[in-house]
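Trainee: Please find one structure pasted underneath; my questions will follow.
The values are calculated or read from the model by the stated rules, or taken from the named source; none is laboratory data. Please read all numbers here as calculations on a predicted model, not as lab measurements. When we count neighbours, we look across all protein chains shown, and the Cβ atoms used for this are built from the backbone with ideal geometry, even at glycine. Ligands, DNA and RNA are excluded from the accessible area calculation, which covers all protein heavy atoms including side chains. Shrake-Rupley method; radii C 1.70, N 1.55, O 1.52, S 1.80 Å.
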Amino acid sequence: MHFSWEVRQEESSFAKTKSASNADFDPIPPSKRTWNWGAYVAYWMADAWAVSNWEVASSMIAVGLSWKMAIGACVLGNTIMGLVITVNGRMGATLHTPFPVLSRMPFGYYFSYFVVLSRCVLAIVWLGVQTTTGGQCMTVLLTAIWPSFKNIPNHIPEDEGITSAGMIGFFLYFLLQLPFLCIPYTKVQYFFAFKSIIAPIIFFAIFGDTLHKAGGNLDNSSVINQGTKVSGSVLAWAFFANLNGVLGNYATLGLNIADFSRYANKPSAQNVQAIVIPIIFTIVGLLGIFTAAAAESAYGEILWNPIDIIGLWMESGSHGGRAAAAFGAIGLIIVTIGINISANSISAANDLMAFAPKYINIRRGQLLAAFIGSWGFVPWKILASAAKFLAFLGGYTIFLGPMTSILMCDYFIVRRGNVSVPDMYDFHGMYRYHPKFGTNWRAVVAFIIGCIPPLPGFVNNIVVAGHGTTGVSIGGQRIFSIGYLYSFVAAGVFYWAFNHFFPHTESIMDHAETGEEIIAAQDAKNVEKKQAAREAGRRSSIVARAFEV
C-alpha cells in the first residue's frame, strides 16, 4: 500500500490547485451539514462544564467583589459574548466556510495569515494547558485504583513543575484523548451530547457531597458573607476588569465560531447560542461559588478546584471513598477531553489547514496540534509558574477584539452580506486588495488603533503578575481594564470609517455569490463516487467469496 503525505482530495468547488484547499477546507457541502439547534446546545454544554469556568468567580472574589457582583459580571460578560458569538456565527452558518477563509475577506490574503496564526497559537497552547489538567485527573484516577501510585519515587527536578507520577498521568491522558480527536466533525456532536449528560452529573455530585459534609449550611462561609471590600471608582474599575476577564474567556471562539457554525443545517440553527451561553455559564459559576463556600465548612479551607475536592475523597481510606474519587476523576477526564475538542483542537486544525491544505486536513491538524501543545510547549512547566503566563493569555483579548469586530463590521455593515465565496479561495481574486502585498490597509490600521492604547496596561498586567512594577499610568491601566470592549468598538468604528471614506470599490458587490449551486453539484458528484466505490467493493467481495466457496 502506497503512503502519501498529501491528504485525501475531493475535487474542490472553487480552489484551482491542491495547495489552496482540500475536502475539509472547502465550504461544507449539504450532505455534511449535520448540526441542528440541539447540537449547538450540546456543544456549549460540553464547553461550559469545565474546571476553568467552575473557578471563574474565584479571582473576582479575591480582588474584593462580593459573590453577587461576581455572578453579575459573569452574566453580563457571557450575555455580551453570547451575542457576539451568535452574530459572528451567522457568517459561517450562511457561507459554510471556515474562519481562516472568511478572514481573507476583510484582511486580505496575506495579513489573514497573521490573524489565523494569532488564533492558532492560542488554541494550541490552551490545548496543552487542558491536557495538563486532564493529566491531573488521570493521576487522581490512578491513585484511587492503586493507592501505592502516589508513592512512586520522583526523578524529575522540582522546577519542572511535575513529578514522575504526574508525568505518567499526563502521558496516559495524552494517549487517551488521541482517538477522540479523530472523531469526524459530522459525528462529533454525539460526543458533545454524551459529555453534556456526564458533566452536570459529576459537577452536581461534587457540590452535593461537599454541601452534605458541610451539614447543608453555607451561612458561616466567608465566601458568602463577604461583601465588597472596595468602593467607589475602585469598585467600578474592579468590576470592569473582571468583566473584561469574562469576555476574554471566550473571545477566542468569538473570533472563530464560524469553524463550528458552518456545520449548521440551516442558518438559524446556531441562534440558540445567544440564550444557552449566558444560562449555562451562570449555572456553572454559581456551582463553583457555592461548592467553594461549602468546602470551607467541610474541609476547613476554600477549595475552588474540583480536582482537589475529588482527591480528598480518598483520604478516608475506605473503598467507597476511593470508588467515588475514581468515578469523579473519570467524569472530569471526559469533561476535559470535550473541552479540548470543542474549544481547541478543531479550531487549531482549521487554522493549520490554512497554511498547508495540501498536507493537513482536520484530523491531521488536530493530532499535530495535540503533539505541539502537549509536548512542544511543555505546559506543565508553564502552569508551575502560571501567574505571568495566565496574565498574558487573559490580556491577549486586546488583539482578538479588533480582529472580531473588523470581521463582523466588514460582512454585516460594509458589505451587507454581499460577498463572493469563490473569490475567498482565489489568491488573485477581489480580496487581494494589493497586487504585491495582498493586504487591506484599512483592516491593518483599524487593528493597530484597536490594540495599541490598551497595550501599556497589558504589559503592566504581566509584570505585576510576576510581582514587578512599571511606570504605566492609572489611565493606561484602566484602558486595559476595558481592553476587549475598547479594542472591539474602536477597531470596528475606524474600519467602517476607512471604508466609508476610502472604499475598495473593486470588492463591493450588490449581491452575494455563495456558489451554493456549484457546491451542491460537486457534493452530489462526490456522494455518487463514494456510493459507486462502495458498490464496487461490495461486488468484488461477493465475487471473492464465491471463488472461495
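Trainee: Can you go through Gly328, Gly373 and tell me which one is farther than 26 Å from Gly254 by Cβ, in a helix (DSSP H, G or I) and either open to solvent by 10 Å² or more (accessible area, probe 1.4 Å) or at pLDDT below 95 (or both)?
Mentor: Among Gly328, Gly373, only Gly328 is farther than 26 Å from Gly254 by Cβ, in a helix (DSSP H, G or I) and either open to solvent by 10 Å² or more (accessible area, probe 1.4 Å) or at pLDDT below 95 (or both).
Trainee: I'm trying to understand the selection: among the residues of region 464-491, which are more than 19 Å from Val234 (Cα to Cα), free of Cβ contacts under 8 Å to residues at least 60 places away in the same chain and open to solvent by less than 50 Å² (accessible area, probe 1.4 Å)?
Mentor: The one that is more than 19 Å from Val234 (Cα to Cα), free of Cβ contacts under 8 Å to residues at least 60 places away in the same chain and open to solvent by less than 50 Å² (accessible area, probe 1.4 Å): Gly468.
Trainee: Let me ask something else. Consider region 25-50. How many of its residues are out of contact with any Asp or Glu (no Cβ under 9 Å at 6 or more places or on another chain) and open to solvent by 60 Å² or more (accessible area, probe 1.4 Å)?
Mentor: Within region 25-50, residues that are out of contact with any Asp or Glu (no Cβ under 9 Å at 6 or more places or on another chain) and open to solvent by 60 Å² or more (accessible area, probe 1.4 Å) number 2.
Trainee: Anything in region 97-117 that is open to solvent by 10 Å² or more (accessible area, probe 1.4 Å) and either touching a strand residue (DSSP E or B) at 6+ places or on another chain (Cβ under 9 Å) or of a type outside the set (A, V, I, L, M, F, W, C) (or both)? List them, or say none.
Mentor: Of everything in region 97-117, those that are open to solvent by 10 Å² or more (accessible area, probe 1.4 Å) and either touching a strand residue (DSSP E or B) at 6+ places or on another chain (Cβ under 9 Å) or of a type outside the set (A, V, I, L, M, F, W, C) (or both) turn out to be Tyr110, Tyr113.
Trainee: Taking the options Ser347, Ser342, Ser374, name whichever one is in contact (Cβ under 8 Å) with a residue 24 or more places away in the chain, of a type in the set (Ser, Thr, Tyr) and in contact with a Gly (Cβ under 9 Å, 6 or more places away or on another chain).
Mentor: Ser374
Trainee: Hey, another quick one. Being in contact with a helix residue (DSSP H, G or I) (Cβ under 6 Å, 6 or more places away or on another chain) and either buried (at least 23 other Cβ atoms within 10 Å of the Cβ) or closer than 16 Å to Ser342 by Cβ (or both) is the filter here, so list the residues in region 82-96 that pass it.
Mentor: Gly82, Val84, Ile85, Asn88, Gly89, Met91, Gly92, Ala93, Leu95
Trainee: Identify, please: which residue in region 125-160 is without any contact (Cβ under 8 Å) to a residue 60 or more places away in the chain and aliphatic (A, V, I, L, M) and is, among those, least open to solvent (accessible area, probe 1.4 Å)? Show your work before the answer.
Mentor: At the first step, the residues of region 125-160 found to be without any contact (Cβ under 8 Å) to a residue 60 or more places away in the chain are 139, 142, 146, 148-158.
Filter once more, keeping what is aliphatic (A, V, I, L, M): 142, 152, 156.
Numbers: Leu142: 18, Ile152: 62, Ile156: 40 Å².
Result: Leu142.
Trainee: Identify the single condition in (1) touching a Phe, Trp or Tyr at 6+ places or on another chain (Cβ under 7 Å); (2) more than 19 Å from Val493 (Cα to Cα); (3) surrounded by 19 or more Cβ atoms within 10 Å (Cβ to Cβ) that Gly401 does not satisfy, given that it satisfies every other one.
Mentor: Every condition holds for Gly401 apart from (2).
Trainee: Based on what the data block shows, is Ile277 surrounded by 20 or more Cβ atoms within 10 Å (Cβ to Cβ), within 17 Å of the chain's Cα centre (by Cα) and under 30 Å from Ala23 (Cβ atoms)? Spell out the reasoning first.
Mentor: Values: surrounded by 20 or more Cβ atoms within 10 Å (Cβ to Cβ): yes; within 17 Å of the chain's Cα centre (by Cα): yes; under 30 Å from Ala23 (Cβ atoms): no.
No: the conditions fail for Ile277.
Trainee: Quick one: in region 492-515, of everything that is of a type outside the set (Gly, Ala, Ser), part of a helix (DSSP H, G or I) and within 30 Å of Ala251 (Cα to Cα), which residue is most open to solvent (accessible area, probe 1.4 Å)? Let's see the steps before the verdict.
Mentor: Taking region 492-515 first, the residues of a type outside the set (Gly, Ala, Ser) are 493-496, 498-506, 508-511, 513-514.
Pick out the ones that are also part of a helix (DSSP H, G or I) and you get 493-496, 498-501, 505-506.
Still in the list and also within 30 Å of Ala251 (Cα to Cα): 493-496, 498-501.
On the way: Val493: 82, Phe494: 88, Tyr495: 0, Trp496: 115, Phe498: 36, Asn499: 21, His500: 107, Phe501: 139 Å².
So, considering only residues that are of a type outside the set (Gly, Ala, Ser), part of a helix (DSSP H, G or I) and within 30 Å of Ala251 (Cα to Cα), the one most open to solvent (accessible area, probe 1.4 Å) is Phe501.
Trainee: Give me the residue from region 1-19 that is among the hydrophobic types (A, V, I, L, M, F, W, C) and at pLDDT below 80 and, out of that set, least open to solvent (accessible area, probe 1.4 Å).
Mentor: Applying the first criterion (among the hydrophobic types (A, V, I, L, M, F, W, C)) to region 1-19 yields 1, 3, 5, 7, 14-15.
With the extra rule that they be at pLDDT below 80, the set shrinks to 1, 3, 5, 7.
Working: Met1: 239, Phe3: 132, Trp5: 183, Val7: 10 Å².
Going through the qualifying residues, I end up with Val7.
Trainee: Ok, one more. With respect to Asn22, determine if the residue is at pLDDT 90 or above, closer than 24 Å to Ile341 by Cα and either open to solvent by 20 Å² or more (accessible area, probe 1.4 Å) or among the polar types (S, T, N, Q) (or both).
Mentor: So Asn22 fails the test.
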